[in-house]
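Peer 1: Attaching a single structure in structure tokens format; questions to follow.
The values are calculated or read from the model by the stated rules, or taken from the named source; none is laboratory data. Just so we're clear, the structure is a prediction, and the values are computed from it rather than from any experiment. No Cβ is skipped: glycine too gets one built from the backbone with ideal geometry, and neighbour counts run over all protein chains shown.
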Amino acid sequence: MLRVEVSKQLGDFHLKASFGGEARVTGLFGASGAGKTSLINMIAGLLRPDRGMIVIDGEILDDTSAHTHVPAHRRRIGYVFQDARLFPHLDVRQNLDYGRRMNRVVDDPAQRARVIDLLDVGGLLDRRPGQLSGGERQRVALGRALLAQPRLLLLDEPLGSLDDERKVEILPYLVRLRDEANVPMVYVSHDANEMRQLATSVVMLNRGRVAGFGGIEILPGASLPA
């Protein structure tokens, strides 16, 4: 269960959003500059709201009225960025294990095998990031986030830097994550087609405000400007 009621002034831009629910994939949809990344940065704990609260599974992570702010490293939230941000000096096996070790999560060989199988990265384990395609790097980044055993996964335009061929390659893996990983996700995109394939509920943002909230039927017929 995710509940977000926040307000944040960012220079001349004012973000104010309120939504909640138990969706498997909550899509944050809007054009560039709508406030999508700022909003998930607040959920992640990387940005503090000026006013409001953020609650996950009954735990208050931010409550400005009570001066509560749980730091990012204690939130048990995975974050996958548009660029995979893998460590170039580590191989795939080491990159996968990095999040688990940094979060001091006990190694679970069975879980590791499930994630490797889910994302089909078993044949990549001995490679360095520089030897991977963009789609392969994103699959490794997803695996690294999952192996840290998050209670929520944030994905900020994870297909945004990929060409159409790579997007088609990785979308089925995101659908498998939704259906099999049992980790709720917040998925950021300006691409209506991605949202239709992945989201189970949609928050539409426009100039820092929630312009719509509901199922995928509220999405427009075309994607918005990146």
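Peer 1: If we keep just the residues of the stretch 201-226 that are touching a residue at least 40 places away in the same chain (Cβ under 8 Å) and among the polar types (S, T, N, Q), which is surrounded by the most Cβ atoms within 10 Å (Cβ to Cβ)?
Peer 2: Filtering the stretch 201-226 for residues that are touching a residue at least 40 places away in the same chain (Cβ under 8 Å) and among the polar types (S, T, N, Q), the one surrounded by the most Cβ atoms within 10 Å (Cβ to Cβ) comes out as Ser201.
Peer 1: While we're here: Restricting the stretch 49-73 to residues that are outside any strand (DSSP E or B) and touching a residue at least 24 places away in the same chain (Cβ under 8 Å), which is farthest from Glu136 (Cα to Cα)?
Peer 2: Asp50
Peer 1: Among the residues of the stretch 167-193, how many are touching a residue at least 40 places away in the same chain (Cβ under 8 Å), surrounded by 13 or more Cβ atoms within 10 Å (Cβ to Cβ) and either charged (D, E, K, R) or over 23 Å from Arg137 (Cβ atoms) (or both)?
Peer 2: 4
Peer 1: In the stretch 1-40, which strands (runs of 3 or more DSSP E) lie fully inside it and hold 1 or more residues that are polar (S, T, N, Q), touching a residue at least 12 places away in the same chain (Cβ under 8 Å) and out of contact with any Pro (no Cβ under 8 Å at 6 or more places or on another chain)?
Peer 2: Hits in the stretch 1-40: 2-10, 13-21.
Peer 1: Let me ask something additional. Tell me, please, whether a residue that is in a helix (DSSP H, G or I) and in contact with a strand residue (DSSP E or B) (Cβ under 7 Å, 6 or more places away or on another chain) can be found in the stretch 130-144.
Peer 2: Yes, that holds for at least one residue.
Peer 1: From the residues in the stretch 70-105 that are aliphatic (A, V, I, L, M) and at pLDDT 90 or above, which one is farthest from Val175 (Cα to Cα)?
Peer 2: Applying the filter and picking the extreme gives Val70.
Peer 1: Does Ile77 satisfy the criteria of being in contact (Cβ under 8 Å) with a residue 60 or more places away in the chain and in contact with a strand residue (DSSP E or B) (Cβ under 8 Å, 6 or more places away or on another chain)?
Peer 2: Yes, satisfied.
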